Amino acid sequence: AQEARSQTEAGAHMLDVNVGVAGGDEPRLIVEAMRVVMENSDLPLCIDSANPQALEAALQIYPGTALVNSVTGEDEKLERVLPLIAKYKAAVVCLCIGQEGIPATAEGRLAVAKKIAARAASYGIPRENLVFDCLCLACSTDPSSVRTTLDAIRMVHTELGTNMTLGVSNASFGLPERIKLNVAMLTMALANGVNCPIIDPTIAEGRQAILASDVLLGRDEWAM
């Protein structure tokens, strides 16, 4: 309840609800958690679970259009998650992970995105209900990983025209000065097409970076 209130007060646009803990009864816990969050915030919710039973239990009680986190390009995941998205007219975060894992190239991630978009269309899910995540990996283990992610974001956004998300803080994992690195990553991601970034809204620097980027990218007319 406190987390929901503090993130709402800090200016979040949506709250992600995740109750995945070892040994937990996730279908029961996620329903309880969502009810507590909805009692303490009027923001829309993202239902974050890899458990199909938990997803359906949460979707059954949610009064609006939920965002589900997430589906991948793996055939098994597509067949389990997309029917629920279509049934409850939800939106879904689409991770660019294929049968062999996260593609090493931007072109590989674009190919996965196209596969997910085509499969979603076959279920009648509108393109605007897909939010693609091209996946941000730690640059501490691979200095080229961020460049690959940014290229993939630009390519998916250009070719599919979809909403784009990204967990920007993954880029700085294992490094010092993480807030400074995250803000730089955030601004570069926004410039390449991300419009639904995943950030901690209680960290002022990230919120400021989004507002400043909106001005510079022409999304905030007359800097209002």
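The values are calculated or read from the model by the stated rules, or taken from the named source; none is laboratory data. Nothing here was measured: the structure is a model prediction, and the numbers come from that model. A quick note on method: Cβ atoms are made from the backbone with ideal geometry, for glycine too, and the neighbour counts reach across all protein chains shown. Accessible surface is based on the protein model in full, side chains and every heavy atom, while ligands, DNA and RNA are left aside. Shrake-Rupley method; radii C 1.70, N 1.55, O 1.52, S 1.80 Å.
Annotation: of all residues in the stretch 202-218 being of a type in the set (S, T, N, Q) and modelled with pLDDT of 95 or more, the one that is farthest from R178 (Cα to Cα) is S213. Within the stretch 176-207, the residues that satisfy the criterion of being in contact (Cβ under 8 Å) with a residue 12 or more places away in the chain, more than 22 Å from D151 (Cα to Cα) and either of a type in the set (V, I, T) or open to solvent by 40 Å² or more (accessible area, probe 1.4 Å) (or both) are I179, D200, T202, I203, E205, R207.
Of the residues P126, P103, P143, which is open to solvent by 20 Å² or more (accessible area, probe 1.4 Å) and at pLDDT below 95? Just one listed residue meets the conditions, P143.
For the stretch 57-87, the candidate set comprises residues that are part of a strand (DSSP E or B) and open to solvent by less than 10 Å² (accessible area, probe 1.4 Å); within that set, the residue that is nearest to A113 (Cα to Cα) is V71.
Any chance you could count how many residues in the stretch 21-56 are within 17 Å of L84 (Cβ to Cβ) and either under 20 Å from the mean Cα position of the chain (by Cα) or surrounded by 14 or more Cβ atoms within 10 Å (Cβ to Cβ) (or both)? Selection size over the stretch 21-56: 16.
Within the stretch 178-202, the only residue that satisfies the criterion of being of a type in the set (G, A, S) and farther than 11 Å from I153 by Cβ is A184. Residues of the stretch 158-194 that are among the polar types (S, T, N, Q) and more than 17 Å from Q208 (Cα to Cα): T158, T162, N163, T165, N170, S172, N192.
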